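Inspection log for the structure reproduced underneath, given as structure tokens.
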Amino acid sequence: MAEGTGTGGSAPRGPGDVTPAELAAMDRALALARRGPAHGPNPRVGCVLLDAAGRTLGEGWHEGAGTPHAEVAAIAAARASGADLAGATAVVTLEPCAHTGRTGPCAEALVRAGVARLVYALDDPNPAAAGGAARLRAAGVDVVGGVRAEAAGDLLRVWAAAVRAGRPFVTLKLAASLDGRVAAADGSARWITSAEARAHAHALRAEVDAIAVGTGTVLADDPALTARTAEGTLAPHQPLRVVVGRRALPDGGRLAGPGGEVVHLPTHDVDEVLAALAAREVRHLLVEGGPTLAAAFLRAGRVDEVVAYVAPVLLGAGPAAVADLGVATIGAALRLAPRAVERVGPDVVVIADAPGRTPGPADHQTPADDQVRAGVRTEEDR
């Protein structure tokens, strides 16, 4: 829990040292933060500026990389209305940044605006940006941290985990029958899950920075790897389309059509994939297929969560959703921690945290491309 010290050498200030108006402002700031994009390198942040009586002077949120940060947007809105910010309180969902990136440091903007008090939810986990609370405290600003920290942590769960790990947060998406098959014995698979489940999965695609499949999947199935709306049109945000494997990609095909940039990573090393994507500021990677690529990420201990769509269908034979994990006994099974179970049309989606495992020497390598199962398409691209 973050705590600040008040001006004049007062005792440490924690989340109990806030007014009802500040708590209400933090709830509003969290709602504003949710208006920002879930994708992109920057966190979703909201800010509300209050006067001494607890009235709102201005509010703002971050609309994505390269746009004003929430604090700067709130200051601009307050000034546009003619408000005097001297002595104001800034209520922010994340510690104001203290570095210059695409934009200037928010901590300095608050100091220049005359803000006298800062109430924030979470410390910034990014070492390059952290330190704003200390900068404001040094300028004589009263600082209180840890307010609505749990709610803010839920909002920034993926982004914060990626920043702390120094690699993209990895979501493994599976879509299978009740007995764990992704296709029938003859390779047919259209459709195992329902239209509602596929629409839900497209909404997930629209929130991530990148989608990854293996070259075997591309060569066998010619997927588009796009995010689409409920109406079937391209979503405003299209993630990077990442293809993992050493074989060359074919000319033309659906990957040459509209959608995100295609990134071919000619490697079988999971950590090389993640490092290359981290260099592109990818915070959230969705691994979709096929079963061999899914198993490679799981064996390497690089899956953070699993989103599994399960249809009430029994096949009895056909390729499994995940290839060999090297599990020889039930005691070695990879056990997940369910976070949510939702009904989606006739199907069920299980969202579970995947605790890391200790990988073996070969676990960071995906199998050779010619071992990737053909004819197993990503569910949304059939």
All-but-one check, residue 157 against (1) open to solvent by less than 60 Å² (accessible area, probe 1.4 Å); (2) within 20 Å of residue 307 (Cα to Cα); (3) among the charged types (D, E, K, R), failing number (1)
Across (1) open to solvent by 30 Å² or more (accessible area, probe 1.4 Å); (2) within 23 Å of residue 23 (Cα to Cα); (3) of a type outside the set (Ser, Thr, Tyr), residue 108 clears everything bar (2)
When the range 188-221 is checked residue by residue, the ones that are within 20 Å of residue 318 (Cα to Cα), at pLDDT 90 or above and surrounded by fewer than 20 Cβ atoms within 10 Å (Cβ to Cβ) are 194
Within the range 266-307, residues being under 18 Å from the mean Cα position of the chain (by Cα) and of a type in the set (Val, Ile, Thr) number 6
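Counting only residues that are in contact (Cβ under 8 Å) with a residue 40 or more places away in the chain and either assigned to a loop (DSSP other than H, G, I, E, B) or of a type in the set (Phe, Trp, Tyr) (or both), how many does the range 43-64 have?
Of all residues in the range 43-64, those in contact (Cβ under 8 Å) with a residue 40 or more places away in the chain come to 43-50.
Subset that is either assigned to a loop (DSSP other than H, G, I, E, B) or of a type in the set (Phe, Trp, Tyr) (or both): 43-45.
So the answer is 3.
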| query | open to solvent by less than 50 Å² (accessible area, probe 1.4 Å) and within 21 Å of residue 38 (Cβ to Cβ), is that true of residue 323? | reply | no
Among (1) part of a loop (DSSP other than H, G, I, E, B); (2) touching a Gly at 6+ places or on another chain (Cβ under 7 Å); (3) open to solvent by less than 50 Å² (accessible area, probe 1.4 Å); (4) over 30 Å from residue 249 (Cα atoms), residue 133 falls short only on (1)
Residues in the range 114-130 that are without any contact (Cβ under 8 Å) to a residue 60 or more places away in the chain, in contact with a helix residue (DSSP H, G or I) (Cβ under 8 Å, 6 or more places away or on another chain) and open to solvent by less than 10 Å² (accessible area, probe 1.4 Å) total 0
Filtering the range 176-232 down to residues that are assigned to a helix (DSSP H, G or I) and closer than 16 Å to residue 308 by Cα yields 195, 196, 197, 198, 199, 200, 201, 202, 203, 204, 205
Checked 227, 256 against criteria (surrounded by fewer than 16 Cβ atoms within 10 Å (Cβ to Cβ) and aliphatic (A, V, I, L, M)); the one match is 256
Per the list (1) crowded, with 17+ Cβ neighbours inside 10 Å; (2) touching a strand residue (DSSP E or B) at 6+ places or on another chain (Cβ under 7 Å); (3) under 22 Å from residue 156 (Cα atoms), residue check on residue 35 breaks on (1)
For the range 85-108, the count of residues that are more than 25 Å from the chain's Cα centre (by Cα), of a type in the set (D, E, K, R) and in a loop (DSSP other than H, G, I, E, B) equals 0
Picking from 185, 176, the residue that is in contact (Cβ under 8 Å) with a residue 24 or more places away in the chain, open to solvent by 60 Å² or more (accessible area, probe 1.4 Å) and aliphatic (A, V, I, L, M) would be 185
Within the range 136-168, residues assigned to a loop (DSSP other than H, G, I, E, B) and touching a Gly at 6+ places or on another chain (Cβ under 9 Å) come out as 140, 141, 145, 146, 147
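The values are calculated or read from the model by the stated rules, or taken from the named source; none is laboratory data. Note that the coordinates shown come from a computational prediction; the quantities given were computed from them, not determined experimentally. A quick note on method: Cβ atoms are made from the backbone with ideal geometry, for glycine too, and the neighbour counts reach across all protein chains shown. Surface accessibility is based on the protein's heavy atoms, side chains included, excluding ligands, DNA and RNA. Shrake-Rupley method; radii C 1.70, N 1.55, O 1.52, S 1.80 Å.
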